[in-house]
Amino acid sequence: MLDNKISIVTGGARGIGRVIAEQLASQKSKVFVWDIIKLKTQTTLRVPELKTQIVDITNLKEVEDTIKSIGDIDILINNAGINIDKLLLRMEEKDWDKVIDVNLKGVFNCTKSCVPFMLKKRWGRIINISSVIGIIGNKAQANYAASKAGIMGFTKSIAKEYASRNITCNAIAPGYIETDMTANLPQAVKDAYLSVIPLKRAGTPEDVANLVSFLVSDAASYITGQVINIDGGMVM
Ligand code: NDP
């Protein structure tokens, strides 16, 4: 149980983040859901006690101000992420910048702003949602793969910097998970993924949220600086 623990889940209005937020709330954490989706946010969340805040994680000042207004933080789930998939020669500078800005700089902004509060308590849990694509790469995803690989290096550095203060930092690398992000993939691409997944199914947001729940629990207090794949055996 996470009684009295305050959590932030970025990009938590839908998809994987929404289920992570709901699971943390069901364990009695006070959860702040950050997203850039405006009107839909309150109505899409199925747990009314979640607190929703409109925060663009690419804006450091906005992130810092919101964390100061909360005044405390124990658990940070850096989940928000986007993809703009194009082959390198068609990828424009703005496609590169946008994906790196949200997926990598957003993780920097939120982590940098939360760590001072965790240092004071000498306790903290940071979970960064990366991707197996950051390990194996993918055609038309150079920007996304680079951002997700960057998260892995960031995770290990933060784990080393703050381990002495009882702050753990781990990354999760999901494989093919059924969410809005993957819903519009052509059937041929979905079939290609399924053909290389030994467990022969797509993952669910619940699969990922279950791992998050474990990593923030006391049972995982000796795990830090790790990248844990959750992909049905796709990458091993
Ligand atoms: P979704 O697209 O369903 O949800 C992502 C959420 O993040 C959206 O609500 C989105 O809002 C929000 N968001 C985007 N930009 C910002 C921002 N600047 N500030 C705050 N919130 C923002 O994605 P998933 O649930 O599928 O993915 C969640 C994470 O898991 C991502 O990091 C993704 O890369 C990763 N992942 C997903 C996999 C999958 O198969 N689904 C596989 C591997 C990793 P909006 O819609 O308005 O942009």
query: Once all Cα-Cα distances of region 153-207 are split into 10 Å bins that start at 0, what whole-number percent is in each one?
result: 20, 35, 21, 20, 4
- line: If amide H atoms are modeled at 1.01 Å from N in the peptide plane, then the residues at a separation of 5 or more from VAL31, or on another chain, having amide H under 5 Å from its own are SER7, LYS51
- prompt: Over all Cα pairs of region 1-153, how is the pair count split among 10 Å bins, expressed in % and running from 0 up to the last occupied bin?
  reply: 12, 39, 34, 13, 2, 0
- prompt: How much length, in nm to one decimal, is gained on full extension between ASP3 and TYR193, taken as 0.36 nm per residue of separation minus their Cα-Cα distance?
  reply: 64.5 nm
- prompt: Could you give the length gained on full extension between LEU60 and SER217, defined as 0.36 nm per residue of separation minus the Cα-Cα distance, in nm?
  reply: 53.7 nm
field: trypsin sites (Lys or Arg not before Pro) restricted to DSSP loop in region 100-200 with at most 10 other C-beta within 10 Å
entry: LYS139, LYS200
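Between exposed GluC sites (Glu not before Pro) in the chain, where DSSP calls loop and at most 16 other Cβ atoms lie within 10 Å, what's the longest gap?
Segment 93-177 is the longest.
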query: Which value at 222 nm does the chain reach when only helices count, each DSSP H run of 4 or more adding -39,500 (n - 2.57), with the total divided by all residues and rounded to the nearest 500 deg cm²/dmol?
result: -13000 deg cm²/dmol
field: Calculated from backbone phi, Karplus (6.51, -1.76, 1.60) coupling profile of region 15-26 in Hz, x at Gly/Pro
entry: x, 4, x, 4, 5, 4, 4, 5, 5, 5, 5, 5
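If the chain between SER164 and ILE136 were fully stretched, how many nm would it gain, using 0.36 nm times the residue separation less the Cα-Cα distance? Before the final figure, lay out the partial values.
Values: separation 28, 0.36 × 28 = 10.08 nm, distance 3.17 nm.
Full extension of this stretch gives 6.9 nm more.
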query: Once label points are set 7 Å from the Cα along Cα→Cβ at both LYS86 and ASP72, what is their separation, rounded to one decimal in nm?
result: 4.6 nm
message: Need one number for region 91-149: average projected area of the convex hull over its C-alpha atoms, nm².
response: 4.3 nm²
- request: Take every DSSP beta bridge whose two residues both sit in region 1-139, then give the antiparallel share in percent to the nearest 5.
  value: 0 percent
field: LYS200 versus GLN226: modelled label distance in nm, points set 7 Å from Cα along the beta carbon direction
entry: 2.9 nm
- prompt: By the scheme Lys and Arg +1, Asp and Glu -1, what is the net charge of all other residues having a beta-carbon under 15 Å from that of MET234?
  reply: 0
- request: Would you order THR66, THR204 from fewest to most other beta-carbon atoms within 10 Å of each residue's own beta-carbon?
  value: THR204, THR66
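Averaging sequence separations of C-alpha pairs under 8 Å and six or more residues apart, then dividing by the length of region 63-153, give the relative contact order as a whole percent.
Value for region 63-153: 40 percent.
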- line: Shape descriptors of region 121-236 over alpha-carbon atoms, Rg and Dmax in angstrom, are 15.1, 49
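The numbers here are math on the coordinates, done by the rules we state, and not lab data. Every value quoted in this text rests on a predicted model; they were computed, and no experiment measured them. Don't worry about glycine lacking a Cβ; one is built from the backbone with ideal geometry, like all the others, and counts go over all protein chains shown.
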